1. Looking at the stretch 406-446 only, could you name the residues that are hydrophobic (A, V, I, L, M, F, W, C), under 16 Å from the mean Cα position of the chain (by Cα) and closer than 26 Å to Phe519 by Cβ?
2. Report, by residue number, each residue of the stretch 266-290 that is part of a loop (DSSP other than H, G, I, E, B), small (Gly, Ala, Ser) and more than 24 Å from Tyr543 (Cβ to Cβ).
3. Only residues in the stretch 218-237 that are within 16 Å of Gly564 (Cβ to Cβ) count as the first member; pair them with residues that are open to solvent by 40 Å² or more (accessible area, probe 1.4 Å) and not in a helix (DSSP H, G or I), Cβ under 8 angstrom, at least 6 apart or cross-chain, and list the lot.
4. Test of understanding: among Leu487, Leu465, which residue is more than 21 Å from Leu374 (Cβ to Cβ) and crowded, with 24+ Cβ neighbours inside 10 Å?
5. Any idea which of Phe412, Phe423 is open to solvent by 60 Å² or more (accessible area, probe 1.4 Å), over 30 Å from Trp217 (Cα atoms) and either at pLDDT 95 or above or among the aliphatic types (A, V, I, L, M) (or both)?
6. Do we find a residue being over 22 Å from the mean Cα position of the chain (by Cα) and modelled with pLDDT of 95 or more anywhere in the stretch 173-187?
7. Looking at the structure I just gave you, is Ile342 over 30 Å from Arg141 (Cβ atoms), β-branched (Val, Ile, Thr) and either modelled with pLDDT under 95 or open to solvent by less than 40 Å² (accessible area, probe 1.4 Å) (or both)?
8. Mind checking which residues of the stretch 347-405 are aliphatic (A, V, I, L, M) and in a helix (DSSP H, G or I)?
Amino acid sequence: MTIDSHDSDSRRAASSPDAPGPASSEAAAKRPGAEKATGRRAFIGVAGSLAVGGVLAADPGVARAARGRGADDLLSGIESLRRDPHAAPLDHELRLRALRVRFEAAVDSFEEPIAPHPNNGDEARYPNKIGTDTRGLPHDRRGEVDLEAYRVAARAHASREWDDFEAIPLGGTRKLVNPIGTLAVSLIGTTPAQIGVPPAPALASAQKAAEAVEVYWKALLRDVPFESYADSSDVADAIDEIDRLSGYTGPRAGGRVTLETVFRGSVTYADPRDRSGRTARHVVPHGVLDGPYISQFLLRDIPYGPQLIGGAIRTALPGNDFQTDHDEWLAVQNGIAPTRTIAYDPVRRYISTGRDLAEFVHSGGALFWGAALLLGAARSASPRVAGGIGAPLSPTNPYLTSETQASAAATFALAYLQSLLPFGTSRAIRAAYWQKWFVHRSVRPEAFGGLVHHRLANGARDYPLHREILESQAAELTYDAFGSYLLPQAFPEGAPLHGSYPGGAAAIAGVNATLLKAFFDEDHVIEDPFVPDPADPTRLVPYSGPPLTVGGELNKLATNYAFGRNWAGIHWRTDAAASLALGEQVAISLLRDERRTFLEPFEGFTFTRFDGTRITV
């Protein structure tokens, strides 16, 4: 429509008695700024012809067929313009190459179809919206949302308009997290609607019950050191119960949940063979089951130039559990700021328990930025001086074979990678939050805990929860310990105010781990690995066991960060698992667009996906 308006304006100008003739047009072209204006008009004219020709049509096949012709037409139109007389020819060529790359990237991105976006049907299934994330809105004493407030929120979800979100009545002072930000246009990488995830497990399903039992056990076992699991009868009880759950999708060994697999991470993909997008495929990434629970990247001191980022962290003291009191829980559901705070251990220590990991991921530390520094820094020759891992760069890096040139922050060096990591974080959050706000709006574990409590403590028979959570040992032990069936939270505020699925932190983990695997040699074995001393977690002791590789420990780092939120009680297994795959797809789209900008002889980024397949982007 904009193109048509422009053409109509041009026709009216041409028929006007005041329209400039050839002489006046030539004079006008010599005025300052005329070339830029002429270029803009030429660009709009060529772009208009491309739109009419189908490059911007709704059919990706039309766009694909027209891409080469469209780029040539566009470049020919721009080439015909008067060149800047002060520009060197090669500078002009660089400008034209930038135009071609941007144009082709845009069309290639457009060719990707919109992914199927099925949800679990809970929002339509339950009139009282008990299967939907409604936290932050006003609720009654049972924690059921005010339906008029919900209807206002539903209008905003449908319209995706700023003013409609501004009209949502809140139950407290906490704000809804960044719904409109997900609709920003990403100039590099894919758009959120082009990435699909399978639907979250339904409220009454066996899979949701299994994930609830697991997260209840995590809350009960937060203070048991990972290195002491073999000595814990409570851990043995958890393994036995989780192993018997019919809907459990986490790692197993020989078909059983074991000491080596319990609470370890997994990744969930939408099965490409099912065009509806509803079928999930569950995998365990390489390295996640190898060695210690915690990745080496979360334990080692990180050299940062002349500074050092210590591996020991601030941790919460045992017993810091929240929202087990009904009034406190209800206030948080309404979006009222918490009144209690975490009590911290005055002595810093290495991550050795689920509570430690939950506190680390509460606000996040050096994480993947730190991992990049560790991988890029050389090993230290002195045990008194912290060094890095000294991992080789990926064999596909073109500067490894150059005899005269070195990489830098422009391309292929560590500094270049470091520029992509925070950028990938932003784009992964756009993709994950778009799903949260406009597809799933899945119930959070803390709200689900309210349903469990009212069903078991108050006889709320209208809450159709699966028997495997209602009859679980985990739920009964929670009641014995806290006097309620509410899910104990590690954070006073519980979860951020947006839906549970998919997980934002897990998407960050997926995109960053993938970028790191694309830049470093995944097969490099990490020398001198450590574990926290079970007797004194303020110190590290040498690890002995199967070799730990860069790729495996990056996968483990991703699952530590993603599933660390589950240790806090704010996410489900599927939230983390599906978001790791989502973040991986975001990374692939970023690497695809970055690759097309390079002039170096480069065959592409080659790395191993979470499902074990090797790809080249």
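1. Result: Leu420, Leu421, Phe423, Ala428, Ile429, Ala431, Ala432.
2. Ser276, Gly277
3. Listed by first residue and then by second, the contacts come to Arg222/Pro318; Asp223/Pro318; Asp223/Gly319; Pro225/Pro534.
4. Going through Leu487, Leu465 in turn, just one is more than 21 Å from Leu374 (Cβ to Cβ) and crowded, with 24+ Cβ neighbours inside 10 Å: Leu487.
5. Of Phe412, Phe423, the one residue that is open to solvent by 60 Å² or more (accessible area, probe 1.4 Å), over 30 Å from Trp217 (Cα atoms) and either at pLDDT 95 or above or among the aliphatic types (A, V, I, L, M) (or both) is Phe423.
6. yes
7. No; evaluated as a whole, the condition is false for this residue.
8. Leu357, Ala358, Val361, Leu367, Ala371, Ala372, Leu373, Leu374, Leu375, Leu400
The values are calculated or read from the model by the stated rules, or taken from the named source; none is laboratory data. All values reported here derive from a predicted model rather than from experimental measurement. Positions of Cβ are generated from backbone atoms using ideal geometry, with glycine treated the same way; all protein chains shown enter the neighbour counts. What goes into the accessible areas is simple: the full protein's heavy atoms, side chains included, and nothing from ligands, DNA or RNA. Shrake-Rupley method; radii C 1.70, N 1.55, O 1.52, S 1.80 Å.
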